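Participant: Dropping a structure here in structure tokens format, bear with me for questions.
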Amino acid sequence: MFRYVTLLFAAACGMSVANIYFAQPLLDNLSSEFNIDYSIIGILITITQIFYALGLLLLVPLGDLLNQRRLIIGQMLLSTIALVIVGTASSSAVLFAGMALVGLLAVVTQTIVAFAATMAAPAERGRVVGMVTSGIVIGILLARTISGILTDLAGWRSVYLVSAALMLLMVCVLFRVLPNVEREVKSLSYPQLLRSVFMLFAQERVLRIRAILAMLIFTAFSILWTSLVLPLSAPPLSLSHTAIGAFGLAGVAGALAAARAGRLADRGYGQRTTGIALILLLISWLLISYTEQSLFALVIGIVLLDLAVQAVHVTNQSMIFALSTEARSRLTAGYMVFYSIGSATGSIASTHIYAHYGWDGVCWLGASVSALALLFWAMTSRATAAALK
């Protein structure tokens, strides 16, 4: 039964997080329809990520204070409304407001991850977290495929309206099967709850180190996926939205391959897994730089990049969830704020760099960030090992 619920958690996470990534292959459509300058359209993704970060700080910690079942169902219902707002937007102001709400409420994924970690046995926690977070990464990647196909078939608005219908269906399923886990909850006020997130950063060295790693790897992830539509849709490639979205399938292969990282973390190999993954992340940019000469090289590069990012992410979460049973939602919130900062930074930087330096500039940026992540891991490896003893 728990395996079925875990798979359901993964599906719910994938659907929820996809909502903030549907726009990435649609940037040219949205630029044309709402008359937003092509060189700054990446700001739409950045605003979504900023509000996602706000949701991490303001909503996710509530999982340590309120009933998680009600919190998950309530946020998903509100997400459905936000998606309808985006899908029916008649002006750029409504579009931006709707996307901000989508970003704010998509943090339900992190409440689900923390809930799954709480339900799992300690020896199985890494595997469960790996499975659920694989759902998140697959959702992020398939968002581009689904978005491209639906846009070519029925226009960009259909992407958000179809997602709203699926979210409502998922709410009905979760209402029936989501376990109502009663647990001892500390009597904290909401301001105290939020302050305790910052206190955890002061107390936990592993959280600080892993949060910075998350920021760097998701900056690299976002540098690729925000700007990839630009060279693929431009001459000489000039691919359709469906073809561009299909590259997300290559990323899914990488994400699935990385699911084993949680099991390795359970066995105490988290540090080694992280180092190998970061080396693969750096190598991936060499292959990605050949995008305009070889789409096959791009596919291999995407597989390696998504394998590396997911492996580090799962390992990070396995490590931080072991720090405190009572504060998993707050640990998740603090950690994921850095993920969101990285995603927002990568989105705005990549479109700006592409406009001025082309695809080669984007690849140099991604490789530089990846090299910095590897260097940071090497410098903090001993401190992490000492903190985990």
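Participant: With only Lys, Arg, Asp and Glu charged, each at its Cβ (+1 for the first two, -1 for the last two), find how big the charge dipole of the chain is about the Cα centre; round to the nearest 20 debye.
Facilitator: Values: 22 positive and 14 negative charges, 280 e Å.
The dipole magnitude comes to about 1340 debye.
Participant: Using just the C-alpha positions of the stretch 238-389 as equal point scatterers, what log10 of I(q)/I(0) does the Debye formula give at each q in 0.11, 0.14, 0.15 1/Å?
Facilitator: -0.49, -0.77, -0.87
Participant: If you don't mind, there's one more thing I want to ask. Compute the distance from the alpha-carbon center of the stretch 1-59 to that of the stretch 90-157, in whole Å.
Facilitator: 7 Å
Participant: Springs between alpha-carbon atoms under 10 Å, Gaussian network over the chain: tell me which of Ile72, Ile223, Ile40 tops the mean-square fluctuations.
Facilitator: Ile40
Participant: Still on this model: Largest first, how would His356, His313 line up by accessible area (1.4 Å probe)?
Facilitator: His356, His313
Participant: Step by step: find N for the stretch 1-113, compute 2.2 N^0.38 Å, then divide the Cα radius of gyration by it. What's the final number?
Facilitator: Details: Rg = 15.1 Å, N = 113, 2.2 N^0.38 = 13.3 Å.
Output field value: 1.14.
Participant: Report, as a whole number in µm² per second, the diffusion coefficient that Stokes-Einstein gives for the chain at 20 °C and 1.002 mPa s using the Kirkwood radius over alpha carbon pairs. Walk me through the numbers before you get to the answer.
Facilitator: Details: Rh = 20.7 Å.
Estimated diffusion coefficient is 104 µm²/s.
Participant: Work through the residues other than Phe321 whose Cβ is under 9 Å from its Cβ and net out their charges, Lys, Arg +1 and Asp, Glu -1.
Facilitator: On the way: positive: Arg125, Arg328; negative: none.
Value of the local net charge: +2.
Participant: Can you give me the P(r) profile for the stretch 183-302? Cα pairs, bins 10 angstrom wide beginning at 0, each as a whole percent.
Facilitator: 10, 31, 25, 19, 11, 3, 0
Participant: Give the accessible area for Glu204 in Å² (nearest 10); use a 1.4 Å probe, count only protein heavy atoms, and leave out ligands, DNA and RNA.
Facilitator: 50 Å²
The values are calculated or read from the model by the stated rules, or taken from the named source; none is laboratory data. The shown structure was predicted, so the numbers you read here are calculated from the model rather than taken from an experiment. Neighbour counts run over all protein chains shown; Cβ positions are idealised from the backbone, glycine included. Ligands, DNA and RNA are stripped out before the accessible areas are found, and what is left, the full protein with its side chains, is counted by its heavy atoms. Shrake-Rupley method; radii C 1.70, N 1.55, O 1.52, S 1.80 Å.
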